[in-house]
Amino acid sequence: LYTYCVGSHKEFESDPTTGKGPGVAGAILKVDTQDPEKTESYAFLPHAFVGEPTFAPKVRADVTNKSSEDKGYIVAYVLNGIDLTTDMVIFDVEGQGKLEAGPIARLPLPTFIPHALHGTFVDGLTFDF
C-alpha cells in the first residue's frame, strides 16, 4: 500500500516557520499506491538534501496487516548544504497526515555525511585495508 522515497520539493514555497522549501532531492514522500491522492510529502529547506528514507516498524506492530502497514517510523539523514553538517531525522508515519507534520526528532550527527552516500551491510563481511 505505501512506499517511502525521496522526492524533489521544487513545487513548494519556502517557509522558515515550517521548514518546507524548494530544492532538489529535498523531500520525503509517503506514496499511497492504491490512492495517489492521499500521497503525502515533507519538504526540507532549499539548502537541505535528504538521504534515502528507511521504514522501521513500531514495537509489536504487525505491518503485514493492511490496516497496520504504516505503524512505524521513517529514519533518514539530512545534509545541510550551507554549514556542511548532517542530521538524522525521525518521522512517525502512522496515520494520514503524520509525515506532513514533520520530524518527531532531529539529531545532529558527529560527522558530515555526503549527499547520495549509499551503504550495503552484509552480516559477517569485513574487509582488510
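Summary of computed values
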| quantity | calculated |
| --- | --- |
| Yes/no for T39 being surrounded by fewer than 16 Cβ atoms within 10 Å (Cβ to Cβ), within 16 Å of P103 (Cα to Cα) and of a type in the set (V, I, T) | no |
| Verdict on I82 being open to solvent by 80 Å² or more (accessible area, probe 1.4 Å) and within 19 Å of L29 (Cα to Cα) | no |
| Residues satisfying the stated conditions in the stretch 85-115, i.e. assigned to a strand (DSSP E or B), aromatic (F, W, Y) and open to solvent by 40 Å² or more (accessible area, probe 1.4 Å) | none |
| Positions within the stretch 70-85 being touching a Pro at 6+ places or on another chain (Cβ under 8 Å) and over 17 Å from T3 (Cα atoms), in sequence order | L79, T85 |
| So L29, is it in contact with a Ser or Thr (Cβ under 9 Å, 6 or more places away or on another chain) and within 11 Å of V6 (Cβ to Cβ) | yes |
| Members of the stretch 55-73 that are in contact (Cβ under 8 Å) with a residue 40 or more places away in the chain and either surrounded by 14 or more Cβ atoms within 10 Å (Cβ to Cβ) or touching a strand residue (DSSP E or B) at 6+ places or on another chain (Cβ under 6 Å) (or both) | F55, E69, D70 |
| Test: residue in the stretch 51-69 that is of a type outside the set (S, T, Y), under 20 Å from V6 (Cα atoms) and touching an Asp or Glu at 6+ places or on another chain (Cβ under 7 Å) | no |
| Residues satisfying the stated conditions in the stretch 77-118, i.e. more than 30 Å from A61 (Cβ to Cβ) and among the polar types (S, T, N, Q) | N80, T85, T111 |
| In the stretch 42-54, the residues that are open to solvent by 40 Å² or more (accessible area, probe 1.4 Å) and either acidic (D, E) or under 14 Å from the mean Cα position of the chain (by Cα) (or both) | L45, F49, E52, T54 |
| A76 exposed (fewer than 15 other Cβ atoms within 10 Å of the Cβ) and either in a strand (DSSP E or B) or touching an Asp or Glu at 6+ places or on another chain (Cβ under 9 Å) (or both) | no |
| Of residues in the stretch 4-35 being open to solvent by 60 Å² or more (accessible area, probe 1.4 Å) and at pLDDT 90 or above, the one nearest to the chain's Cα centre (by Cα) | T33 |
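The values are calculated or read from the model by the stated rules, or taken from the named source; none is laboratory data. If you're wondering where the values come from, they're calculated on a predicted model, not measured in any experiment. With ideal geometry, Cβ positions are generated from the backbone for all residues, glycine too; neighbour counts draw on all protein chains shown. All accessible areas refer to the heavy atoms of the entire protein, side chains included, with ligands and DNA or RNA removed. Shrake-Rupley method; radii C 1.70, N 1.55, O 1.52, S 1.80 Å.
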